[in-house]
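Values quoted throughout were computed directly from the atomic coordinates according to the rules given, and no laboratory measurement underlies them. Note that the coordinates shown come from a computational prediction; the quantities given were computed from them, not determined experimentally. For neighbour counting, all protein chains shown are included, and Cβ atoms are generated from backbone atoms with ideal geometry for every residue, glycine included.
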Amino acid sequence: MAESTTPKKRKSAKEIQARKAAAELAAQFQAAEAARLDIAAHLVLVTQQITETEAETERQVAKLRERREKLTAQQRATADRLVVKMLDTGVNQSEAAQRLGITVEQVRMAKANVDQRLLAAAAAEKQSDDDVDGAGDAAGAGAATLPHQQDGRQESAAAGAAQSPGSA
């Protein structure tokens, strides 16, 4: 009988133990690596959620600011009209300021704001009438600011009062 020429190498118990220990370490490393990958993936998701939350919050804040501006503008216009209503009772600006608990400058500003709104409304109405009639200025410029002349007198669009041609 013929014996094999190359002897079969046997592993020692120490080598088998070392291999098992290395395999356990490799498994622990893979488990730790999988945990790290899960942590990183979770962080990416949370970061995206943070970005989406911030964007949604900013959108809502912008909407609230717009609503606030609209409401406060309406309230300021109402306050301005109330100041003018007080002036319409015949009191002077100083007395109106004192009675309303505001400064004379605030009274003046309120009156100017109401006057400006009235002029803007009148100009818009005139522009609307001109657009409907087709008689509007082609460029649309100056329609509300030019004085009208009747019977040799000019009427100021801003004051609504008749003036002589040389008294401006």
Taking the inverse of the average 1/r across all pairs of different Cα atoms in the stretch 57-102, what Kirkwood radius in Å do you get? 12.4
Percent of alpha-carbon pairs separated by more than 21 Å within the stretch 1-92: 73
Just how large is the dipole of the stretch 75-123 about the Cα centre, in debye to the nearest 20, putting +1 at every Lys and Arg Cβ and -1 at every Asp and Glu Cβ? 120
